[in-house]
């Protein structure tokens, strides 16, 4: 089918159901522009990310599922055979070659495309920490933490940003481990001992928080001077007036992970044409620029403006990949056992 024929069929289908697990009220407002442009209604059901993923996998064998479009964190794609679950997206929509099909060093093979960039970094109180004094290396953080005990808090189990920071510290302290490699196992986990020791020797200098949200709330309340977080999360809170504009954000020179969430169209989507048209709109330069302005997310289209980003372009070069799964999860479990529960 030509794209014009797909759009015509999409309008006949008349609706699309998008399983999107975060910012649901805000996204219901954002998609009104799509509804007005195409006359296709968008439904965003309630539900968490894990539940949505489980539903997608459970419905794979059905002739027709309930999901037209689903959002997933990139790592979730490693839990399924993409060609069994999804239909080809990048090869179907116009400008598919401009969509990001390799987020976080993962090849989606065109079955999913990135629509939301989330850069991990350090949020800090600009009224209490001078920009010239921001720690940039592991050595800098060591000195800063000693001079500012309990000035930094980070999460481990929930939210991800804390993992981004301590995995970046680990890259420096365990230089013999290739965090980007597949197949890391017991030898690489054993090499994490110096990482755990670094944190344990500084147990009176940091606080483990309950979640990414908890970290930022306590930073905003003045308990912390800095916390690992996400650029889009901080920008979104500031745009809604929920945290102070005095909260700044940066990527240290030692690097912190940048990632993306993706969308795909299940092979048994009930409204496949409407799903394709929606994904094309969602990942277009115009929509991506709008998300950057409204939510602070990193645009995933090369022609989209990122003028509302918290991070200057000069710091984007400090973005690194997330460690590969399942090693990241195993390393995190080791961190919880050896540091948090120690």
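The values are calculated or read from the model by the stated rules, or taken from the named source; none is laboratory data. The structure presented is a predicted model; accordingly, all values stated were derived computationally and were not measured. Note that each Cβ is placed from the backbone with ideal geometry, even for glycine, and that neighbours are counted across all protein chains shown.
So, in the stretch 82-94, how many residues would count as being in a loop (DSSP other than H, G, I, E, B), loosely packed, with under 14 Cβ neighbours inside 10 Å and in contact (Cβ under 8 Å) with a residue 60 or more places away in the chain?
The number of residues fulfilling the criteria is 1.
Regarding residue 144, is this residue touching a helix residue (DSSP H, G or I) at 6+ places or on another chain (Cβ under 8 Å), in a helix (DSSP H, G or I), assigned by TED's automatic domain parsing to the domain that holds residue 209 and modelled with pLDDT of 95 or more? Can you show your working first?
Working: touching a helix residue (DSSP H, G or I) at 6+ places or on another chain (Cβ under 8 Å): yes; in a helix (DSSP H, G or I): yes; assigned by TED's automatic domain parsing to the domain that holds residue 209: yes; modelled with pLDDT of 95 or more: yes.
Criteria met by residue 144.
Could you check, for the stretch 12-24, whether at least one of its residues is within 21 Å of residue 320 (Cα to Cα) and buried (at least 17 other Cβ atoms within 10 Å of the Cβ)? Spell out the reasoning first.
Pass one, the stretch 12-24, residues within 21 Å of residue 320 (Cα to Cα): none.
No, because not a single residue in the stretch 12-24 is within 21 Å of residue 320 (Cα to Cα) and buried (at least 17 other Cβ atoms within 10 Å of the Cβ).
Please specify each residue of the stretch 186-197 satisfying the condition of being without any contact (Cβ under 8 Å) to a residue 60 or more places away in the chain and either crowded, with 19+ Cβ neighbours inside 10 Å or assigned to a loop (DSSP other than H, G, I, E, B) (or both).
191
When the stretch 98-123 is examined, which residues are found to be within 12 Å of the chain's Cα centre (by Cα) and under 17 Å from residue 288 (Cβ atoms)?
103, 114, 115, 116, 117, 118, 119
Results for (1) touching a helix residue (DSSP H, G or I) at 6+ places or on another chain (Cβ under 9 Å); (2) assigned to a loop (DSSP other than H, G, I, E, B); (3) within 18 Å of residue 211 (Cα to Cα); (4) at pLDDT 95 or above, shown as yes or no for each residue.
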site: 229; (1), (2), (3), (4): yes, no, yes, yes
site: 238; (1), (2), (3), (4): no, no, no, no
site: 241; (1), (2), (3), (4): no, yes, no, no
site: 248; (1), (2), (3), (4): yes, no, no, yes
site: 253; (1), (2), (3), (4): yes, yes, no, yes
site: 258; (1), (2), (3), (4): yes, no, no, no
site: 273; (1), (2), (3), (4): yes, no, no, yes
site: 280; (1), (2), (3), (4): yes, no, no, yes
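Select, from 264, 248, 241, the only residue that is in the same structural domain as residue 317 (by TED's automatic domain parsing) and over 27 Å from residue 146 (Cβ atoms). Steps first, answer last, please.
Values: 264 fails: in the same structural domain as residue 317 (by TED's automatic domain parsing); 248 fails: over 27 Å from residue 146 (Cβ atoms).
None of the other options fit; the residue is 241.
Kindly establish whether residue 307 is at pLDDT 95 or above, more than 23 Å from residue 92 (Cβ to Cβ) and more than 17 Å from the chain's Cα centre (by Cα). Step through it out loud before you land on a result.
On the way: at pLDDT 95 or above: no; more than 23 Å from residue 92 (Cβ to Cβ): yes; more than 17 Å from the chain's Cα centre (by Cα): yes.
Answer is no for this residue.
Among the candidates 52, 100, which residue alone is touching a residue at least 60 places away in the same chain (Cβ under 8 Å) and either surrounded by fewer than 22 Cβ atoms within 10 Å (Cβ to Cβ) or out of contact with any helix residue (DSSP H, G or I) (no Cβ under 7 Å at 6 or more places or on another chain) (or both)? Lay out the reasoning, then the answer.
Details: 52 fails: touching a residue at least 60 places away in the same chain (Cβ under 8 Å).
Exactly one of 52, 100 is touching a residue at least 60 places away in the same chain (Cβ under 8 Å) and either surrounded by fewer than 22 Cβ atoms within 10 Å (Cβ to Cβ) or out of contact with any helix residue (DSSP H, G or I) (no Cβ under 7 Å at 6 or more places or on another chain) (or both), namely 100.
Step by step: first the residues of the stretch 282-303, then only those that are in a loop (DSSP other than H, G, I, E, B) and surrounded by fewer than 20 Cβ atoms within 10 Å (Cβ to Cβ), then the one that is nearest to the chain's Cα centre (by Cα). Which residue is that?
Looking at the filtered set, the residue picked out is 302.
For residue 314, work out the one condition from (1) surrounded by fewer than 20 Cβ atoms within 10 Å (Cβ to Cβ); (2) within 19 Å of residue 22 (Cα to Cα); (3) at pLDDT below 95 it doesn't fulfil.
That leaves (2) as the condition not met.
Checking the condition at negative phi and free of Cβ contacts under 8 Å to residues at least 40 places away in the same chain, which residue from 323, 299, 312 passes?
Working: 323 fails: free of Cβ contacts under 8 Å to residues at least 40 places away in the same chain; 299 fails: free of Cβ contacts under 8 Å to residues at least 40 places away in the same chain.
So the residue among 323, 299, 312 that is at negative phi and free of Cβ contacts under 8 Å to residues at least 40 places away in the same chain is 312.
Part of a loop (DSSP other than H, G, I, E, B) and under 17 Å from the mean Cα position of the chain (by Cα) - does that describe any residue in the stretch 212-226?
So in the stretch 212-226, the residues part of a loop (DSSP other than H, G, I, E, B) come out as 221-225.
Okay, now just the ones that are also under 17 Å from the mean Cα position of the chain (by Cα), so none.
The answer is no; no qualifying residue exists.
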